[in-house]
Amino acid sequence: MAITPATKPAPKTKRINLQLILDQLDAEWAAQDTPFADDDTRALLAYYQTAARVALHWISGDPYTHQFPTGYQDERLAKVCAYLRGQGGATQGELLTARDRQVTLLLDRTWPAYRGTCTDTMNYTGTGGLPAEFTFTWAGIDSLWTPDTYQPPMDAPAPYLPRFHSPESEAFHCNVLAVLFLNRAIKTGLCDLDVTPF
């Protein structure tokens with residue numbers, strides 16, 4: 001008699017809980033028990049938290065399973081989610097390297113460029129005026145993206161996807177999302193912005 005091999009069902013990917021990620025961001029913000037090194041660090045963490053929360057809602061909290069409309073596939077946000085999906089089979093060392101690369105990019109390029117586009121220095125005189133870091137304005141999303149031929153169903157919300165006002169804003173928001181999920185993958189704090197020291 002032939003032996004029929006038993007087949008195991010493929011392991012199911014556990015759906016990411018958006019509320020748990022938001023709660024973790026809240027907890028990490030509340031746990032800031034040391035003073036910020038400077039105003040720029042304070043601004044970076046505030047903008048990181050804000051950009052992360054907004055971006056999480058665009059993808060319903062899960063970049064690995066979120067399905068973008070066909071017309072949005074070439075946008076940077078969709079490409080970042082594809083990049084994160086591609087990290088699925090990476091080893092812990094590969095994830096750490098990818099994460100450090102994204103954090104370095106955030107600290108050295110995307111944050112300084114974004115900060116420069118959204119800092120109001122009109123009141124900053126350099127001689128006792130308000131420091132520029134305290135006059136940040138929200139310069140992020142120009143409008144929301146919807147397909148050109150979109151006919152909304154009566155019982156479903158319209159796609160809530162960003163149309164960025166500048167490449168600096170787009171780069172910062174997408175970079176933040178990549179850092180957050182790579183941090184999550186290596187099981188460190190979602191807001192950890194320290195590059196591995198070795």
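The values are calculated or read from the model by the stated rules, or taken from the named source; none is laboratory data. If you're wondering where the values come from, they're calculated on a predicted model, not measured in any experiment. Quick reminder, even Gly has a Cβ in these numbers, built from the backbone with ideal geometry, and neighbours come from all protein chains shown. Please note that ligands, DNA and RNA were not included when accessible areas were found on the heavy atoms of the full protein model with its side chains. Shrake-Rupley method; radii C 1.70, N 1.55, O 1.52, S 1.80 Å.
Under a crude label model (7 Å from the Cα following the beta-carbon direction), how far is residue 196 from residue 74 in nanometres?
Each label point is offset 7 Å from its Cα along the Cβ direction, giving 3.6 nm.
Search the structure for amide H atoms under 5 Å from the amide H of residue 161, placed 1.01 Å from N in the peptide plane, and list their residues when 5 or more places away or on another chain.
Long-range HN contacts for residue 161: 145.
Using the basic label-point model (7 angstrom from Cα toward the beta carbon), what is the residue 53 to residue 165 distance in nanometres?
1.9
Based on the Cβ-Cβ distance of residue 67 and residue 17, what FRET efficiency does E = 1/(1 + (r/R0)^6) give at R0 = 25 Å, to the nearest 0.05?
On the way: r = 18 Å, r/R0 = 0.73.
The value I calculate is 0.85.
So what are the ³J(HN,Hα) numbers for the range 165-179, from phi and the Karplus equation (6.51, -1.76, 1.60; θ = phi - 60°), rounded to whole Hz, Gly and Pro as x?
For the range 165-179, the Karplus curve yields 7, 7, x, 5, 5, 4, 4, 5, 4, 5, 5, 4, 4, 5, 4 Hz.
Dividing the Cα convex hull volume of the range 13-94 by residue count, how many Å³ per residue is that?
Details: hull volume 11.6 nm³, N = 82.
Convex hull of Cα atoms, per residue: 142 Å³.
Points 7 angstrom from Cα along the Cβ direction at residue 113 and residue 32: gap in nanometres?
Modelled inter-label distance: 2.5 nm.
Would you kindly find the accessible area of residue 28, with a 1.4 Å probe and non-protein molecules such as ligands, DNA and RNA excluded, rounding to the nearest 10 Å²?
40
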